[in-house]
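Written below as structure tokens is the structure these notes are about.
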Amino acid sequence: MNIKQKLHLAMINSYNILTKRTTLDDVLESEINILAHIPEESSLKEVYDMLIDYFKDIEMYEKCSELIEMRGELFNEDGTPKMIVCECNYPEFDSYEGQIKCNKCKKQIKK
């Protein structure tokens with residue numbers, strides 16, 4: 001397998017993880033266990049931008065379009081994360097620190 005093929009497979013694996021087509025564990029346990037990003041260390045917005053640019057360059061516009069839509073749901077135009085607020089009638093939470101999230105829907109209760 002050449003470098004170009006490895007790069008493409010890494011991009012596909014990262015795309016599949018972001019779009020929830022697979023899990024990180026599944027990728028790491030597979031024979032093609034390479035990623036285009038470092039989970040937990042990479043900026044999520046930068047990962048979206050990188051994948052969008054890559055798929056646009058190789059003319060895989062359906063993947064590009066899906067990633068653009070997902071990025072738009074998560075980030076404002078200036079790149080700051082959108083706050084996704086809990087709409088549960090009776091939110092439940094355990095922590096009083098940082099971003100307080102609902103145990104039911106996992107969305108933020110308070111900024």
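The values are calculated or read from the model by the stated rules, or taken from the named source; none is laboratory data. None of these values were measured; they are calculated from a predicted model. With ideal geometry, Cβ positions are generated from the backbone for all residues, glycine too; neighbour counts draw on all protein chains shown.
Being in a helix (DSSP H, G or I), among the aliphatic types (A, V, I, L, M), in contact with a Ser or Thr (Cβ under 8 Å, 6 or more places away or on another chain) and not assigned by TED's automatic domain parsing to the domain that holds GLN108: is that true of LEU35 here?
On the way: in a helix (DSSP H, G or I): no; among the aliphatic types (A, V, I, L, M): yes; in contact with a Ser or Thr (Cβ under 8 Å, 6 or more places away or on another chain): yes; not assigned by TED's automatic domain parsing to the domain that holds GLN108: yes.
No; evaluated as a whole, the condition is false for this residue.
Pick from LYS63, LYS6: which is in contact with a Ser or Thr (Cβ under 9 Å, 6 or more places away or on another chain) and at pLDDT 95 or above?
Just one listed residue meets the conditions, LYS63.
Restricted to region 46-101, and to residues that are among the charged types (D, E, K, R) and assigned to a loop (DSSP other than H, G, I, E, B), which residue is nearest to the chain's Cα centre (by Cα)?
First pass over region 46-101, keeping only residues among the charged types (D, E, K, R): 46, 49, 53, 56-57, 59, 62-63, 66, 69, 71, 73, 77-78, 82, 87, 92, 94, 97, 101.
Now drop any that are not assigned to a loop (DSSP other than H, G, I, E, B), which leaves 59, 77-78, 82, 87, 92, 94, 97.
On the way: GLU59: 21, GLU77: 17, ASP78: 18, LYS82: 14, GLU87: 22, GLU92: 25, ASP94: 25, GLU97: 24 Å.
Result: LYS82.
Tell me, please, whether a residue that is at pLDDT below 95 and closer than 25 Å to ILE109 by Cα can be found in region 32-40.
Checked against the condition, which is being at pLDDT below 95 and closer than 25 Å to ILE109 by Cα, region 32-40 yields at least one hit.
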